[in-house]
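Okay, structure first, notes after.
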Amino acid sequence: MSRMIPLLKELGVDARWNIIQGNNEFFQVTKKFHNALHGRTEKITKNDFNCFQETSQKNIDEMELDGDIIFIHDPQPLALINRKEKVGGKWIWRCHIDISRPNPAVWNFLEPYVNQYDAAIFSAPAFSRQLPLRQFLISPSIDPLSDKNKELPQQTIDAVLEKYGISRDKPIITQVSRFDYLKDPVGVIQAFEIVRNHIDCQLVFAGGTATDDPESDKVLAEVRERANNNPDIHILLIPPGSDIEINALQRASTIIVQKSLSEGFGLTVSEALWKAKPVVASAVGGITLQIRDKFTGLLTYGIEGTAYDLRQLLTNPEYANWLGKNGKEYVRHRFLITRHIRDYMLLFLALEHPQDDIFYL
Amino acid sequence: MDNLITTISDNWLDIIVPIIIFGAALITLLWLRKRALLSLNRIINKSNWPGNRILIHSLKRPSIFWCIIISALLALAASSTTTYWKNIIAKGFWSVFIITFTFALITIINGFSAIILLQYKQHKNVINLVKNILMVIVITIGIFILLDTWAISTTYLLISIIIILIILALVFRDIAPNIIASIQLNTAGQFKVGDYIKIESGEEGYIAATGWRNIELKTLEDNTIIIPNNRLTRSTIVNYGHLLKKASEPFRFNNRMHLTRLTGLKARNLQELADILKNAPDDIVYYHTHHFLEEQYYTVPQLSNDFAVWVDTALGDDILAERLASIGPFDFPGIGALRDRLVGIINEYINTTNNFREAEPGRDFYFMTTVSVIIPTTYVAHDLREFTEALRKISLGSLYFHIFESKLRLGKGLNDFTVWINDDLGEKELADEIARIDPYTYTLEGLRSSLIQRIEKRIK
């Protein structure tokens with residue numbers, strides 16, 4: 001959003017960005033909702049629903065909301081739709097997660113809110129479901145000029161490797177993601193260990209902990225325990241805002257892996273592809289939109305498959321480079337911020353023609 | 001009076017002899033002139049060159065003066081006049097000869113240039129320039145000879161002329177290369193007013209006017225570009241030739257942008273795919289049989305559709321995938337017939353193979369369509385050349401809209417280009433040729449090139 005808002009303003013759209021407020025309990029609940037919507041079994045109590053409604057009501061009462069078009073991102077602020085009558089305008093729900101097979105209790109609770117929106121946006125076709133409102137497919141994007149994606153001088157990359165004690169002499173396999181069970185960090189370590197039995201290489205698992213994800217500390221502890229002080233496994237807790245460091249780690253990598261069990265869109269894959277890196281990633285969520293198997297990367301379905309693909313790429317660097325090159329072109333045409341902005345502008349126009357699938361300006 | 005009579009009676013011989021010589025010489029010379037002109041006329045009548053007549057016409061009158069002058073000079077030589085006066089009178093006659101000769105030459109130059117101009121109208125500027133330069137040279141030489149005849153010094157005049165020439169060269173030093181370039185361009189005759197040209201630096205348009213210093217180009221957007229002549233002689237220029245037939249209505253290029261709309265409908269196996277497809281709106285069928293055309297713009301052409309890809313990758317059935325992939329939408333008059341064929345193939349396959357494979361969760365077939373926004377562009381074509389130039393510049397989205405979406409999604413039955421070329425330009429043959437192109441076997445860039453190639457061939 002921090003990259004989109006200035007560009008929208010440049011185009012004459014008076015765009016603003018507000019954040020809802022919530023306490024730790026609220027975020028515990030929304031994390032459960034998040035997992036449940038992804039299809040994971042979660043124990044949801046009546047208190048959880050009450051907590052969600054109370055915090056939502058507080059935000060409904062206190063939040064400054066006005067505009068011709070209101071974008072609501074993710075399920076957490078979904079209930080703000082209750083302000084629609086007062087505020088007016090067109091309301092869009094930007095859903096970043098997979099709601100195709102949700103926990104029925106959570107979905108039944110949230111669905112009445114969703115149905116009040118004028119349109120919903122999903123990052124992948126598989127995330128959608130039949131709804132009584134128009135649904136659009138708009139993939140997220142990366143900004144190639146941001147700190148996370150811009151070109152870096154070799155000195156910067158070397159400095160970051162040195163800082164974290166990562167050797168340049170061995171191939172580097174990297175996963176960049178939050179410490180979250182859905183990113184399967186333990187599975188990544190297991191796949192790495194299989195590869196390590198045959199090829200001398202190292203694993204970098206770089207991630208942060210999200211403020212709205214109370215689970216992440218627990219996951220980090222488990223991952224560290226599983227790494228078992230293996231000198232070739234680098235578990236890096238990267239502080240927020242360290243985009244240059246993430247960029248440097250991705251650019252220093254030989255292969256980038258994204259072994260998620262479930263995924264929204266998985267922008268880290270786009271970031272890796274943009275850096276022309278060969279990517280091995282799970283065939284879940286939006287990753288399948290970014291990786292055309294064996295053309296822009298390799299799609300996998302399990303730990304053994306991931307290990308096999310990693311070995312293939314480590315021993316066939318020309319093939320790995322070819323995948324990386326294709327991946328970069330793929331991202332250039334589909335997942336850069338300019339395409340994203342264009343889609344938003346088209347969406348604004350589409351909202352003005354709710355009945356038409358084709359219209360002239 | 002008495003003195004005069006006395007002088008004449010004393011010197012009658014000195015007077016009568018020159019008069020007789022003058023008369024005899026004049027009669028003889030006029031007779032010779034007439035004979036010469038008659039002979040010249042006979043020769044001219046055998047030749048068709050119009051310059052001959054100019055030559056005779058220019059010499060006819062001055063030659064009378066020349067006969068008189070020669071006769072007078074002969075008479076003068078026989079007279080008893082003093083040498084001093086003889087010299088002065090001879091110089092006078094010589095001066096008259098120089099002047100009439102100069103005028104005769106000027107008349108000849110004028111006449112010849114008029115003839116050349118009739119044949120080479122496009123080089124009017126050059127011919128006039130050469131004519132004026134020759135006339136100035138002839139007059140200048142005439143003046144110099146006259147001055148020399150009367151023993152007047154020509155040194156100062158020569159120096160003055162040189163100084164004037166130097167000043168002119170300095171004043172017009174920037175213009176001179178353009179004038180010289182103009183002569184080069186006109187002499188070469190590589191283009192003319194009305195031609196459509198494209199210069200290597202990118203400027204292009206119809207030549208509206210040519211001049212000594214520059215040419216004026218009229219662009220397709222109706223702007224005027226002024227290009228100095230000496231830049232043209234140093235550039236590579238493509239000349240597309242003359243003006244072409246104008247269309248009764250111009251072709252206005254539109255651009256098309258789209259947003260993918262999800263329907264929430266999905267299929268997990270072949271039976272579900274066939275059942276949903278059977279009742280799916282045309283927009284959905286159109287999307288799944290066409291969107292790959294835009295997706296593959298940097299890869300190679302491949303006959304494909306989403307149904308074939310899904311059957312192959314999600315159900316692992318490459319036999320059915322191949323059958324579905326081989327269905328070319330170009331062979332069907334509309335989306336309805338295409339849908340019937342797809343459903344027919346799937347149902348037939350289910351019946352013969354009992355394929356009940358299911359896709360993995362998350363790998364279902366998701367039915368989608370698009371919201372298309374059609375936006376007018378600034379490109380407008382009134383003839384085939386303007387059309388070709390616009391075709392080079394429009395976006396691939398624009399090309400896609402006019403070839404595919406307009407024909408099938410808007411249900412026009414033919415692509416927009418074919419309709420315009422046939423209905424508004426009356427170029428039926430070209431329209432038919434474009435209608436016969438199977439656009440599904442090209443990448444969009446390849447299709448663009450193919451269309452340009454065919455239209456350019458027609459222009460030539």
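The values are calculated or read from the model by the stated rules, or taken from the named source; none is laboratory data. These numbers come from a predicted model, not from an experiment. Here the Cβ is made from the backbone with ideal geometry for all residues, glycine too, and neighbour counts use every protein chain on show. In case anyone asks, the SASA skips ligands and DNA or RNA and just uses the protein heavy atoms, side chains included. Shrake-Rupley method; radii C 1.70, N 1.55, O 1.52, S 1.80 Å.
Please report, ordered by residue number, the helices (runs of 4 or more DSSP H) entirely within the stretch B:164-281 with at least 1 residues that are under 30 Å from B:PHE367 (Cβ atoms) and either open to solvent by 30 Å² or more (accessible area, probe 1.4 Å) or within 14 Å of chain A (Cβ to nearest Cβ) (or both).
B:270-279
Conditions tested, residue by residue: (1) away from chain B (no Cβ under 11 Å); (2) assigned to a helix (DSSP H, G or I); (3) open to solvent by 20 Å² or more (accessible area, probe 1.4 Å).
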residue	(1), (2), (3)
A:GLN250	yes, yes, no
A:SER260	yes, no, no
A:GLU304	yes, yes, yes
A:GLN312	yes, yes, yes
A:TYR319	yes, yes, yes
A:HIS333	no, yes, yes
A:HIS340	yes, yes, no
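Looking at A:LYS31, is it part of a helix (DSSP H, G or I) and modelled with pLDDT under 90?
Yes, satisfied.
Tell me, which residue of the stretch A:342-361 that is within 9 Å of chain B (Cβ to nearest Cβ), touching a helix residue (DSSP H, G or I) at 6+ places or on another chain (Cβ under 9 Å) and not acidic (Asp, Glu) is farthest from A:ALA281 (Cα to Cα)?
A:LEU361
Just one of B:LYS460, B:LYS393, B:LYS412 is over 28 Å from the mean Cα position of the chain (by Cα) and open to solvent by 10 Å² or more (accessible area, probe 1.4 Å); which is it?
The conditions single out B:LYS412.
Looking at this structure, is B:GLN119 modelled with pLDDT under 85 and closer than 20 Å to B:GLY211 by Cβ?
No.
Among the residues of the stretch B:148-163, how many are in contact (Cβ under 8 Å) with a residue 24 or more places away in the chain, open to solvent by less than 90 Å² (accessible area, probe 1.4 Å) and out of contact with any Phe, Trp or Tyr (no Cβ under 9 Å at 6 or more places or on another chain)?
Residues in the stretch B:148-163 being in contact (Cβ under 8 Å) with a residue 24 or more places away in the chain, open to solvent by less than 90 Å² (accessible area, probe 1.4 Å) and out of contact with any Phe, Trp or Tyr (no Cβ under 9 Å at 6 or more places or on another chain): 0 in total.
Regarding the stretch A:279-301, can at least one residue be identified that is more than 12 Å from chain B (Cβ to nearest Cβ), in contact (Cβ under 8 Å) with a residue 12 or more places away in the chain, among the hydrophobic types (A, V, I, L, M, F, W, C) and open to solvent by 30 Å² or more (accessible area, probe 1.4 Å)?
Within the stretch A:279-301, not a single residue is more than 12 Å from chain B (Cβ to nearest Cβ), in contact (Cβ under 8 Å) with a residue 12 or more places away in the chain, among the hydrophobic types (A, V, I, L, M, F, W, C) and open to solvent by 30 Å² or more (accessible area, probe 1.4 Å).
So which residues in the stretch A:159-175 are of a type outside the set (Gly, Ala, Ser) and either in a loop (DSSP other than H, G, I, E, B) or surrounded by 14 or more Cβ atoms within 10 Å (Cβ to Cβ) (or both), if there are any at all?
Residues satisfying the conditions are A:VAL160, A:LEU161, A:TYR164, A:ILE166, A:ARG168, A:ASP169, A:LYS170, A:PRO171, A:ILE172, A:ILE173, A:THR174, A:GLN175.
Identify all residues within the stretch B:123-147 that are exposed (fewer than 15 other Cβ atoms within 10 Å of the Cβ) and over 23 Å from B:PRO62 (Cβ atoms); write none if there are none.
Result: B:LYS124, B:ASN128.
Looking at the stretch B:309-345 only, could you name the residues that are more than 20 Å from B:ARG268 (Cβ to Cβ) and within 14 Å of chain A (Cβ to nearest Cβ)?
Passing the criteria: only B:ILE335.
Being within 14 Å of another protein chain (Cβ to nearest Cβ), open to solvent by 10 Å² or more (accessible area, probe 1.4 Å) and in contact with a Gly (Cβ under 8 Å, 6 or more places away or on another chain) is the requirement here; does B:GLU360 meet it?
no
Inside the stretch A:321-331, can you point out the residues that are more than 10 Å from chain B (Cβ to nearest Cβ) and either under 30 Å from B:ILE284 (Cβ atoms) or under 21 Å from the mean Cα position of the chain (by Cα) (or both)?
A:GLY324, A:GLY327, A:LYS328, A:VAL331, listed by residue number.
Is the stretch A:212-233 home to any residue that is touching a strand residue (DSSP E or B) at 6+ places or on another chain (Cβ under 7 Å), over 17 Å from A:LYS259 (Cβ atoms), surrounded by 12 or more Cβ atoms within 10 Å (Cβ to Cβ) and outside the structural domain of A:GLY22 (by TED's automatic domain parsing)?
Yes; the residues of the stretch A:212-233 include at least one that is touching a strand residue (DSSP E or B) at 6+ places or on another chain (Cβ under 7 Å), over 17 Å from A:LYS259 (Cβ atoms), surrounded by 12 or more Cβ atoms within 10 Å (Cβ to Cβ) and outside the structural domain of A:GLY22 (by TED's automatic domain parsing).
Take the residues of the stretch A:140-158 that are more than 30 Å from A:TYR308 (Cβ to Cβ) and of a type in the set (A, V, I, L, M): which is surrounded by the most Cβ atoms within 10 Å (Cβ to Cβ)?
So the residue we want is A:LEU152.
Filter the stretch B:282-299 down to residues that are in contact with an Asp or Glu (Cβ under 9 Å, 6 or more places away or on another chain) and within 19 Å of A:PHE136 (Cβ to Cβ) and give me whichever is farthest from the other protein chains (Cβ to nearest Cβ).
B:HIS290
Which of the following residues is modelled with pLDDT under 95 and within 30 Å of A:ASN316 (Cα to Cα): A:LEU220, A:LEU237, A:LEU261?
A:LEU261
Answer yes if at least one residue in the stretch B:431-439 is assigned to a helix (DSSP H, G or I), more than 31 Å from the chain's Cα centre (by Cα) and away from chain A (no Cβ under 14 Å), and no otherwise.
Yes, there is a match, as at least one residue in the stretch B:431-439 is assigned to a helix (DSSP H, G or I), more than 31 Å from the chain's Cα centre (by Cα) and away from chain A (no Cβ under 14 Å).
If you check every pair at least six apart or on different chains, which have Cβ atoms under 6 Å apart with a residue in the stretch A:4-16 that is of a type in the set (Val, Ile, Thr) first and a residue that is surrounded by fewer than 12 Cβ atoms within 10 Å (Cβ to Cβ) second?
A:ILE5/A:TRP17
Kindly list, by first and then second residue, each pair from a residue in the stretch B:314-337 that is closer than 18 Å to B:ASP282 by Cβ and assigned to a loop (DSSP other than H, G, I, E, B) to a residue that is open to solvent by less than 40 Å² (accessible area, probe 1.4 Å) and modelled with pLDDT under 90, limited to pairs with Cβ atoms under 6 Å and residues at least 6 apart or on different chains.
B:GLY328/B:TYR440
When the residues of the stretch A:262-278 are narrowed to those that are open to solvent by 10 Å² or more (accessible area, probe 1.4 Å) and not in a loop (DSSP other than H, G, I, E, B), which ends up nearest to the other protein chains (Cβ to nearest Cβ)?
A:TRP274
So is A:LEU7 under 30 Å from A:LEU145 (Cα atoms) and not in a loop (DSSP other than H, G, I, E, B) or not?
In short, yes.
Kindly state which strands (runs of 3 or more DSSP E) lie completely within the stretch A:88-141 and contain at least 1 residues that are of a type outside the set (S, T, N, Q) and away from every other protein chain (no Cβ under 13 Å).
Answer list for the stretch A:88-141: A:90-95.
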